[in-house]
Amino acid sequence: MEPCCNLEVDVNGEETFMVDKTIIAQYSRKFAKLFGKSSGARGKLKVIFNDFPGGAKGFEHMLRFCYNNGTTDITPSNLLLTRCAAEFMEMKESVAGFSNLLEQTEKSLQEINFWTWPGLLIALKQCQNLSLAANSSIVLEKCLDALVGRLVLASETSPCPSTCSTDSSGIRFSCDSKSTESIKTNSARLTSWFEDLLFLSPLLVAMLVKSMVLRKLDHVVISRFLLYYQKAKFSNATTDEKCKIIEMVIDMHYNMDHNYVSCKTLFGILRVTLNLNISKCSRKTLENMIGSHLDQATLDNLLVPSPYGISYLYDVNLVLRFLKAFLRRGTGVVAPIQMRKVATLIDLYIAEIAPDPCLKAFKFLAIATALPDSARDSYDELYHAVNMYLEVHDHLSQEERVKICCGLNYEKLSPQACLHLSQNSNFPSKSAVQALISQKSKLDNLLRATPSTTPFNNSPCGSSGAAQRGRKEKISEQVVLNDGNIDISVDNEKLRAHLQGMQCRVTELEKICLKMQSEMAKITKSKVSGCSNARSLPKLCS
């Protein structure tokens, strides 16, 4: 019986089809229910679909199945369209011994591991175009799984990188272990699939990367792909699209093993985000990841310009957030060697920002006191940075200078630094006294540990004190020389006299301090209060 065109079907306003309703109703339960009671009616009927999945192409694939006695050629390029159309038209019943259309698409989907690489890409494109279709997620998951499986197999089978090909073999392997040039070539081929996947949306890339992480694909390769994707897509993206892309890149790096994500990579991502208004959540995630790698950073990494509207030359607030993330990472326990590396880096950073005339005292103090006292074995570098800051900011009040000096631990200053501080007019007199007293305290502690049989000379100050004092100050002179690692002959009278004068000045300043104690009570109280607010290390203010 020749088919007749007794049904007009308008598909999403794209195209109109003239079909035989009897033939279609055999395979489609939806049409069978619709025309069951009017199957014998004469005249033409019309059906309008506004939400047919796959549009006119999907409807056409369904028609081929119906008009070809329940058979059709299902390929990666039409699988999703055909499956969505079959689901929509309720084609779940077999006719004349042939499998229904849904069963045939399912069988084709089970053979996805035998598809070619181009076939997988075509199917992925179809999934992306039909992302709103109810049944597209099943095909999408299987396509992504097959694609990642192909990449994992390539990386496991050959020690050198695999390459993706547009021929039927999908991914080929090629390695010449005897040739360095061949290894370099194969290394480039490892990433040749990057270009093939640029058509994916950020959402599908996120799904792909999560599958890669679960399948344990090399995280270094994954990171390189994400950066390649971001750079390639940025060329023609709008500002909003750029934000979505970089947020996806940040989130995917966070899902990876952080040991495989380099500090350089994270700071590269940070530079990209500086002029973008990304979400607070993504920005915080990135800053936390950088904080956990802060011991691997360099000074150049930290010299990030301040955002618009901030007068500081560099973004000090950003570095403070890095430090907070570094100190609270993991279980909160940071290895001493990592702590010292960060302290050295921060001291360099402080020296770099100290000459900034716009940098406020409270902000300088915040960065100077951000790390615990145990992070530094010596405070000499921080002292030089403080000195530079006080010299540039000569308008600071005495109270502000005292607060800034609370960032120094005088016990951890070298003798040379203490001597320089005692003669430095940039520092408050109170700080000079504290520095010299702390130095004398160290000498006294060493004196108590010195054997009593050690020979001594007379008092270096030339006073008429007892022999005990002369012996004590002679050892003090020797300790200062040794503590500073100064290789000097005993005959160097000039340096000897200089150090002896320093000891005498300590004694004189102690006396002056006692006399001025009552007058400076209020200042001392204010200073202690300021230190308590600025830093949770009251030991440094003693």
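A few comments on the model shown:
- Under the Karplus curve 6.51 cos²θ - 1.76 cosθ + 1.60, θ = phi - 60°, whole-Hz ³J(HN,Hα) for the stretch 263-270, x wherever Gly or Pro sits: 5, 4, 4, 5, 5, x, 5, 4
- Here the simple spin-label model places points 7 Å from the Cα toward Cβ, and for residue 308 and residue 348 these points are separated by 3.2 nm.
- For the stretch 6-114, the direction-averaged projected area of the alpha-carbon convex hull comes to 6.7 nm².
- Legend: residue pairs 341/363; 231/264; 30/125; 244/284; 30/92; 360/430, Cα-Cα distance threshold 19 Å; pairs beyond threshold, 341/363; 30/125; 360/430.
- Atom-type composition of the exposed protein surface of the stretch 289-424 places 56 percent of the accessible area on carbon and sulfur (1.4 angstrom probe).
- Estimated FRET transfer efficiency when R0 is 56 angstrom, pair residue 138-residue 429 (beta carbons, to 0.05): 0.10
- Carbon and sulfur %, accessible surface of the stretch 63-104 computed with the full protein complex present, 1.4 Å: 45
- Rolling a 1.4 Å probe over the protein heavy atoms gives the stretch 6-114 an accessible area of 52 Å² per residue.
- Among 234-240, 44-50, sorting by the average number of other beta carbon atoms lying within 10 angstrom of each residue, highest first, gives 44-50, 234-240.
- When each of the peptides 420-426, 361-367 is scored by how many other beta carbons lie within 10 Å of its residues on average, the order from highest to lowest is 361-367, 420-426.
- In percent, rounded to a whole number, the relative contact order of the stretch 6-114 is 27, using alpha-carbon pairs under 8 Å and six or more apart.
- DSSP-assigned coil residues among chymotrypsin sites (Phe, Trp or Tyr not before Pro) in the stretch 308-345, each with at most 12 further Cβ atoms within 10 Å: 308
- When you filter the trypsin sites (Lys or Arg not before Pro) in the stretch 62-130 for DSSP loop state and at most 15 other Cβ atoms inside 10 Å of their Cβ, you are left with 92.
- Distance between modelled label sites at residue 258 and residue 396, nm, 7 Å Cα→Cβ extension: 3.3
- Neighbours of residue 214 by Cβ distance under 14 Å: Lys/Arg scored +1, Asp/Glu scored -1, total -1.
- Extension gain, residue 103 to residue 274: 0.36 nm times the residue separation minus the Cα-Cα distance gives 56.4 nm.
- Residue 95-residue 298 pseudo-label distance in nm [points 7 Å out on the Cα-to-Cβ vector]: 7.0
The values are calculated or read from the model by the stated rules, or taken from the named source; none is laboratory data. What you see is a predicted model; the values in this text were computed from it and never measured. Every residue, glycine among them, receives a Cβ derived from its backbone with ideal geometry; neighbour counts consider all protein chains shown. All accessible areas refer to the heavy atoms of the entire protein, side chains included, with ligands and DNA or RNA removed. Shrake-Rupley method; radii C 1.70, N 1.55, O 1.52, S 1.80 Å.
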